[in-house]
Each structure stands twice: as C-alpha cells, then as structure tokens.
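Q: Below is the structure I would like to discuss, written out as structure tokens.
Throughout, read-outs are computed from the coordinates displayed, never taken from laboratory work. These figures come from a predicted structure and were not determined experimentally. Using ideal geometry, Cβ is built from the backbone for each residue, glycine included, and neighbour counts are taken over all protein chains shown.
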Amino acid sequence: MPDYRTLSLETPRLTLRPLQAGDAGALFGIHSDPRFTRFFSHAPWTQMAQAHELIERDQADLASGEHVRLGLVRRSDGVLLGTCTLFKIQPNNRRAELGYGLGVAHWGQGHAQEAVRALLSWGFGPLGLHRVEADIDPANESSAKLLRRLGFQLEGRLRERWIVDGVVSDSEIYGLLAPEWQTRNQQA
C-alpha cells in the first residue's frame, strides 16, 4: 500500500494536507461543537486528547494507505477549517467512501465543495478509483446539495442505520462513478 503522509493538494483558496500535531486545538474546537457533530458519526468531543488521538491514528493510517484524511487549511492565513477523507479504500474494487466536515464558522462559503472536488480529482485520477460513496443523514440538506452539485446520485436509504449519542438516524447512500466524474469535469 502507498504511503500518503506527504500528500498535499492545492486549490485556489485551500491547501489539503495531512493533519499535524499543531492542528489539535482547531480540530478539537470543530469536533466539540454540537452543531458540527449533529450530522457526524460521533458525539461532541470532550477532551483535547481525542484530537491528539485522531491525528496519531491518521498518521499510521496514512502510512499504511488505509485512508486519506486531509486537513483543509486556508491559504491566506493557515487556519484549519475542517477535513475531508477518502476511507475504506478498497484497491481491488477501486472504491472508497467519502467524508468531510467544516467547522461551523466556515459553513456556506464554498470551502467544502472546493476541497471535496480536489480530493475527488485526486481519487479518480492518480489513486485510480472507479467508485466513491458517501453516507449522509437525510436531514443534512446542505450535504445532500453538495453531493448532487458534484455529480453524486442518491442510490438508496438505509433505515435507522446509526445511533450516535442516543439519536437514531437513517442513512442516504450517494454514489459517483469515475466515468460520470470525467464527463462532468470535461464539460466544466
């Protein structure tokens, strides 16, 4: 498996790069906000150690090629805005799952679309993926709009799939295929 610890992607406003120890404070601030975790797969963080543990785990996973989580760093001032991830990478099937999240202060500014577009271009390009899936809470309308703008198609709904912090929710599964991505981006 490849080692992704040095992977860096650039967009007009962002640098996407692996999380570093110095990101722990900003990462904790994002993940401890209940507005952020409302549609995330864990309860709000309560200890800074959780941020440090995620960063350490990510470094090991990046080294082994298990997944690619990149911090979204604003180029103008170096502020960590959130993360985007390709995980459950299956080289034999050439598929992965997509995750992303921005700190609440950065919602609605187009950063998620910019970052996810760059990650998908890398995933369908150099990484050689054929399929990318996203699993979202149906109540997360902003995430559904983002996925549709990027060309994802709603493929199904799984009832009461998640229980996070005592809240039961369904999942909507979206999918995007490499030929769809390539056609869409040739037209853009």
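Q: Within the set of pairs 6+ apart or on separate chains, which have a first residue in the stretch 107-125 that is within 14 Å of Leu150 (Cα to Cα), a second that is of a type outside the set (Asp, Glu) and part of a helix (DSSP H, G or I), and C-beta atoms under 6 Å apart?
A: Ala112/Leu146; Gln113/Leu146; Phe124/Ala178; Phe124/Trp181
Q: Filtering the stretch 30-80 down to residues that are closer than 15 Å to Arg17 by Cβ and basic (Lys, Arg), which residue is surrounded by the fewest Cβ atoms within 10 Å (Cβ to Cβ)?
A: If we take residues in the stretch 30-80 being closer than 15 Å to Arg17 by Cβ and basic (Lys, Arg), then Arg75 is surrounded by the fewest Cβ atoms within 10 Å (Cβ to Cβ).
Q: Something else now. Across the stretch 148-181, which residue is surrounded by the most Cβ atoms within 10 Å (Cβ to Cβ) among those that are touching a helix residue (DSSP H, G or I) at 6+ places or on another chain (Cβ under 6 Å) and of a type outside the set (Ser, Thr, Tyr)?
A: Initial filter on the stretch 148-181 (touching a helix residue (DSSP H, G or I) at 6+ places or on another chain (Cβ under 6 Å)): 151, 174, 178, 181.
Narrowing the set further to residues that are of a type outside the set (Ser, Thr, Tyr) leaves 151, 178, 181.
Working: Gly151: 16, Ala178: 17, Trp181: 23.
For the stretch 148-181, the residue satisfying everything is Trp181.
Q: Based on this model, can you work out whether Leu72 counts as of a type in the set (A, V, I, L, M) and closer than 23 Å to Ala105 by Cα? Walk me through it before giving the result.
A: Numbers: of a type in the set (A, V, I, L, M): yes; closer than 23 Å to Ala105 by Cα: yes.
Judged against the criteria, Leu72 is a match.
Q: Among the residues of the stretch 78-90, is there at least one that is aliphatic (A, V, I, L, M) and either in a helix (DSSP H, G or I) or farther than 30 Å from Phe28 by Cβ (or both)?
A: Let us first name the residues in the stretch 78-90 that are aliphatic (A, V, I, L, M), namely 79-81, 86, 89.
Next, only the ones that are either in a helix (DSSP H, G or I) or farther than 30 Å from Phe28 by Cβ (or both) stay: none.
No: zero hits.
Q: Note down all Cβ pairs under 7 Å where the first residue falls in the stretch 131-148 and is without any contact (Cβ under 8 Å) to a residue 40 or more places away in the chain and closer than 18 Å to Phe87 by Cβ, the second is aromatic (Phe, Trp, Tyr) and surrounded by 15 or more Cβ atoms within 10 Å (Cβ to Cβ), and they're at least six residues apart or on different chains.
A: Final answer for the pair search is Leu147/Tyr174.
Q: Follow-up. Restricting attention to the stretch 22-49, which residues are closer than 18 Å to Val167 by Cα and in a helix (DSSP H, G or I)?
A: Listed by number, the residues that qualify are His31, Pro34, Arg35, Phe36, Thr37.
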